[in-house]
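The values are calculated or read from the model by the stated rules, or taken from the named source; none is laboratory data. Everything quoted here is computed from the prediction, not taken from an experiment. A quick note on method: Cβ atoms are made from the backbone with ideal geometry, for glycine too, and the neighbour counts reach across all protein chains shown.
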Amino acid sequence: MADASVPSFKAADLVIELSSTPKNKQDEVTFGNNFTDHMLTVDWSASEGWQAPLIKPFGNLSLHPACSSLHYGIQLFEGLKAFRGDDNQLRLFRPMLNMSRMSNTAKRACLPAFDQSEFLECIRRLVEIDQDWVPHSDSGSLYIRPTFLGTEQSLGIKKPAHALLYVILCRVGSYFNSGAESLSLWADPKYTRAWKGGTGNYKMGGNYGCSLFAQYEAEDHGCQQVLWLYGEDHQITEAGTMNIFLHWINEDGEEELATPPLDGIILPGVTRQSILELTRKWGEFKVTERYLTMSQLCSALKQLRVKGVFGSGTACLICPIGHIVYQGENLHVPCQDKKSQLASRIAKELTDIKYGRTASDWTFLV
């Protein structure tokens with residue numbers, strides 16, 4: 001339901017300009033390269049407020065050279081997907097969680113508020129228009145990238161008086177193209193992804209750009225991603241751009257699925273929240289949000305108490321982790337048989353919901 005207390009654009013005012021030159025739709029694509037025919041844009045200014053939302057042919061943006069998003073990183077984004085079910089119905093997975101997270105990030109970035117339900121309806125219309133781009137396959141989907149920029153046309157660090165909210169879509173397959181069944185991580189405390197009081201729990205572009213240097217150093221060490229550590233006790237925080245889960249027999253002899261808590265340095269992932277809710281509903285083992293350190297993980301690996309480690313996120317869903325390079329050691333993380341592996345079971349249950357094979361109020365019909 002729309003929130004009348006928030007000054008916002010309205011989906012009822014949506015203007016639609018259809019493309020006269022549709023693109024070719026490639027079946028096999030690199031993640032993030034094959035964009036659809038249309039995009040959604042909504043302009044805002046402090047003097048005039050929100051303008052009518054516009055769906056128009058996909059194209060370049062025109063930005064002033066002094067644009068505040070370019071100079072000061074006043075920018076944020078979201079990521080969600082549309083899935084084509086076995087019944088040919090298109091579904092979004094828990095999109096209001098993305099809308100809420102985007103709204104929270106916008107507030108932190110001093111960008112204007114918007115009505116989350118109205119924005120979601122505009123996104124639904126965009127996906128509906130470009131629905132032919134959604135693959136007829138449960139190995140592919142349509143990636144949705146809402147983006148919010150400060151477009152202040154002057155230099156100086158200040159709250160933007162102009163902003164642009166827009167959405168682009170692209171057809172995607174697998175996020176990781178290595179062909180490996182599990183990922184390898186490089187853990188070195190000299191790099192920090194986020195810190196207390198910072199913006200690590202918000203989805204800002206700057207959180208990702210500053211991680212590139214460490215990512216390439218991880219590759220120099222023969223690893224695919226970075227295992228981000230924090231503090232003198234080397235707390236485990238995230239794996240690359242994923243939330244991380246540890247499935248083990250804990251120090252008290254209990255079977256446990258654990259993930260770091262949302263304490264300001266962890267991104268509140270939609271997949272992360274869904275995994276916690278799903279496994280707690282099973283009631284088969286302990287499910288906790290608590291601090292985990294490399295010392296605890298190393299001890300558990302030596303004592304053969306680790307059942308598995310995996311990352312989660314919208315782009316990859318679930319990704320098992322097989323090796324961690326830490327302080328000169330190559331730590332082997334056990335991966336169970338695929339049929340019994342917890343990560344595979346979770347992935348199947350979430351996939352069945354997304355593609356409509358399991359009825360759930362977690363899906364939003366397009």
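Of note:
- Any hit, the stretch 237-257, residues being surrounded by fewer than 23 Cβ atoms within 10 Å (Cβ to Cβ), touching a Ser or Thr at 6+ places or on another chain (Cβ under 6 Å) and over 17 Å from Val333 (Cα atoms): no
- Selection over the stretch 284-305 of residues that are farther than 25 Å from Pro268 by Cβ and of a type in the set (Val, Ile, Thr) gives a count of 0.
- Unique match (being at pLDDT 95 or above, surrounded by fewer than 16 Cβ atoms within 10 Å (Cβ to Cβ) and either more than 22 Å from Gly198 (Cα to Cα) or not assigned by TED's automatic domain parsing to the domain that holds Trp195 (or both)) among Ser295, Ser274: Ser295
- Being at negative phi and free of Cβ contacts under 8 Å to residues at least 40 places away in the same chain is true of Val287.
- Search result, residues across the stretch 298-329 that are of a type in the set (S, T, N, Q), more than 25 Å from Gln273 (Cα to Cα) and at pLDDT 95 or above: Ser299, Gln303
- Evaluating Leu297 against the criteria (1) outside any helix (DSSP H, G or I); (2) more than 18 Å from the chain's Cα centre (by Cα) leaves one unmet condition, (1).
- Any hit, the stretch 259-278, residues being without any contact (Cβ under 8 Å) to a residue 24 or more places away in the chain and among the charged types (D, E, K, R): yes
- All told, Glu284 falls short of being loosely packed, with under 14 Cβ neighbours inside 10 Å, closer than 30 Å to Asp220 by Cβ and acidic (Asp, Glu).
- Checked against the criterion of being assigned by TED's automatic domain parsing to the domain that holds Phe77, modelled with pLDDT under 95, over 21 Å from Pro95 (Cα atoms) and not charged (D, E, K, R), the candidates Pro65, Pro57, Pro22 yield just one match: Pro22.
- Scan of the stretch 110-136 for residues that are part of a helix (DSSP H, G or I), touching a Leu at 6+ places or on another chain (Cβ under 9 Å) and not hydrophobic (A, V, I, L, M, F, W, C), ordered by number: Glu121, Arg124, Arg125, Glu128, Gln131
- Residues within the stretch 89-140 that are among the small types (Gly, Ala, Ser) and at pLDDT 95 or above, tallied: 6
- Residue match in the stretch 55-62 (condition: more than 12 Å from Glu152 (Cβ to Cβ), touching a helix residue (DSSP H, G or I) at 6+ places or on another chain (Cβ under 9 Å) and not in a loop (DSSP other than H, G, I, E, B)): yes
- Screening the candidates Tyr202, Tyr175 for the property of being among the hydroxyl-bearing types (Ser, Thr, Tyr), part of a loop (DSSP other than H, G, I, E, B), surrounded by 15 or more Cβ atoms within 10 Å (Cβ to Cβ) and at pLDDT 95 or above yields one hit, Tyr202.
- For the stretch 263-294, the set of residues classified as in a strand (DSSP E or B) and of a type in the set (Val, Ile, Thr) consists of Val287, Thr288, Thr293, listed by residue number.
- Tabulated pairs, the stretch 42-61, first of a type outside the set (Ser, Thr, Tyr), second at pLDDT below 95 and loosely packed, with under 12 Cβ neighbours inside 10 Å, C-beta under 9 angstrom, 6+ apart or interchain: Pro57/Ser20; Pro57/Thr21
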